[in-house]
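Student: Below you will find the structure I want to go over with you.
The values are calculated or read from the model by the stated rules, or taken from the named source; none is laboratory data. What you see is a predicted model, and the numbers here were worked out from it, not measured in a lab. Using ideal geometry, Cβ is built from the backbone for each residue, glycine included, and neighbour counts are taken over all protein chains shown. What goes into the accessible areas is simple: the full protein's heavy atoms, side chains included, and nothing from ligands, DNA or RNA. Shrake-Rupley method; radii C 1.70, N 1.55, O 1.52, S 1.80 Å.
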Amino acid sequence: MKSASRLLCQTSLLSTVAALNMHTKCRGGVYSFTKGKVQRTEVPDSKVEWSAVFEGYTPPHYTAPHILAGPVYADPEIGAPRFKPRWNALDGKVNRCSHTRQYNVVDGFPRNVCGRTGLAGRGALGRWGPNHAADPIVTRWKVADGRRVIHDETDKPVLQFVCIQRRDSGEWAIPGGMVDPGERVTATLQREFLEEALNALEMTPAQREQSEHQLRELFKGGVEVYSGYVDDPRNTDNAWMETMAYNFHQEDTEGVLYSLQLHAGDDAKTVRWQDISGSLNLYASHKDMIERVAQRHDAHW
């Protein structure tokens, strides 16, 4: 895979302004990724960064019951016997490094690289510190009568991407998912697309093999468009989402993506081809990633 410039929330961009722009959906309000609801402590813009003095900042500590139940993918609680994580390092097969920068660990707890969120603990996330995901942005040109559709206002061609509706929040999103310990990101990207956009978990082995064969060439040509922090509503002071997003684009207006049968599966409620434009309202930081893809292809936004 080719690498493009890392465009968001990198070390050089972690000024106060950049951090605030990337850190809004996980700050303030009610944490509602559980059957119950937890009120976050209000964090003003001026108090987001850990370097800012915030007298009396004692956010509620919350980890969802299903995480405390100890699923295979989840860490034990901090202080549990034999749990000695190697922060900011590869810890066995678990990658505890941040794509953004090295994070601090205070009293045994890793601190969110983009600042305070008003909630301590892990919330609904399995790992302490960075939780790594991968997001495949699969795109094609919008076509009518065999030609690219040109937008009236910008006079640029309209790009489409495969978009899913999440089961947990109902919001529209890129069909991504978590990187398994020891798994290569390239494998995660293809696996998540097959499972969420094509419902590969319900396929027979022969059907899955056929789908993988159809998409093999497409998934060889991915271009990295983002690597770093995600402004995910599940983030807490001690656990947060990071991702690597790759664009898989088909330039040919008669290729496999025009005959591909989308079928929502796994964590997806619905799936569709979505026209790309600046009016999109997407989950977490996904709109920022999609905008970078539109810019890369000089498409309508």
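Student: Within segment 181-191, restricting attention to residues that are touching a residue at least 60 places away in the same chain (Cβ under 8 Å) and part of a loop (DSSP other than H, G, I, E, B), which residue is surrounded by the fewest Cβ atoms within 10 Å (Cβ to Cβ)?
Tutor: Among those residues, the one meeting the criterion is 182.
Student: State whether one or more residues within segment 134-157 are within 23 Å of the chain's Cα centre (by Cα), small (Gly, Ala, Ser), under 30 Å from residue 74 (Cα atoms) and open to solvent by less than 10 Å² (accessible area, probe 1.4 Å).
Tutor: yes
Student: Next up: How about segment 107-119: which of its residues are touching a Ser or Thr at 6+ places or on another chain (Cβ under 6 Å) and surrounded by 23 or more Cβ atoms within 10 Å (Cβ to Cβ)? Break it down stepwise before answering.
Tutor: At the first step, the residues of segment 107-119 found to be touching a Ser or Thr at 6+ places or on another chain (Cβ under 6 Å) are 113, 117-119.
Selection gives 113, 117, 119.
Student: Here is a further query. I'd like the full set of residues that are open to solvent by 90 Å² or more (accessible area, probe 1.4 Å) and of a type in the set (D, E, K, R), limited to segment 34-51.
Tutor: Those that are open to solvent by 90 Å² or more (accessible area, probe 1.4 Å) and of a type in the set (D, E, K, R): 35, 37, 42, 45.
Student: State all residues of segment 250-283 that are over 23 Å from residue 199 (Cβ atoms) and surrounded by 18 or more Cβ atoms within 10 Å (Cβ to Cβ); if no residue qualifies, say none.
Tutor: 276
Student: Looking at (1) within 20 Å of residue 25 (Cα to Cα); (2) open to solvent by less than 10 Å² (accessible area, probe 1.4 Å), which is the only condition residue 176 fails?
Tutor: Unmet condition: (2).
Student: Within segment 237-290, take every residue that is part of a loop (DSSP other than H, G, I, E, B) and farther than 27 Å from residue 156 by Cβ and give me the one that is farthest from the chain's Cα centre (by Cα).
Tutor: 261
Student: Applying the selection to segment 52-106, what residues are among the polar types (S, T, N, Q), loosely packed, with under 14 Cβ neighbours inside 10 Å and modelled with pLDDT under 95?
Tutor: Once the filter is applied, which keeps residues that are among the polar types (S, T, N, Q), loosely packed, with under 14 Cβ neighbours inside 10 Å and modelled with pLDDT under 95, segment 52-106 yields nothing.
Student: Additional query: Would you point out which residue out of 30, 43, 48, 38 is modelled with pLDDT of 85 or more and touching a helix residue (DSSP H, G or I) at 6+ places or on another chain (Cβ under 9 Å)?
Tutor: Details: 30 fails: touching a helix residue (DSSP H, G or I) at 6+ places or on another chain (Cβ under 9 Å); 43 fails: touching a helix residue (DSSP H, G or I) at 6+ places or on another chain (Cβ under 9 Å); 38 fails: touching a helix residue (DSSP H, G or I) at 6+ places or on another chain (Cβ under 9 Å).
That would be 48, the only listed residue that is modelled with pLDDT of 85 or more and touching a helix residue (DSSP H, G or I) at 6+ places or on another chain (Cβ under 9 Å).
Student: Working carefully through the options 149, 162, find the one that is aliphatic (A, V, I, L, M) and free of Cβ contacts under 8 Å to residues at least 60 places away in the same chain.
Tutor: Details: 162 fails: free of Cβ contacts under 8 Å to residues at least 60 places away in the same chain.
Answer to the selection: 149.
Student: Could you please tell me which pairs satisfy a Cβ distance under 9 Å, a separation of 6+ or placement on different chains, a first residue in segment 62-82 that is under 17 Å from residue 237 (Cβ atoms), and a second residue that is open to solvent by 90 Å² or more (accessible area, probe 1.4 Å)?
Tutor: What qualifies is 64/35; 77/68; 78/107.
Student: Return a yes/no flag: does segment 168-179 have any residue that is modelled with pLDDT under 90, over 30 Å from residue 92 (Cβ atoms) and either assigned to a helix (DSSP H, G or I) or of a type in the set (Ser, Thr, Tyr) (or both).
Tutor: So far as segment 168-179 goes, yes, one or more of its residues are modelled with pLDDT under 90, over 30 Å from residue 92 (Cβ atoms) and either assigned to a helix (DSSP H, G or I) or of a type in the set (Ser, Thr, Tyr) (or both).
Student: State yes or no: is residue 201 open to solvent by less than 10 Å² (accessible area, probe 1.4 Å) and either acidic (Asp, Glu) or not in a strand (DSSP E or B) (or both)?
Tutor: Judged against the criteria, residue 201 is not a match.
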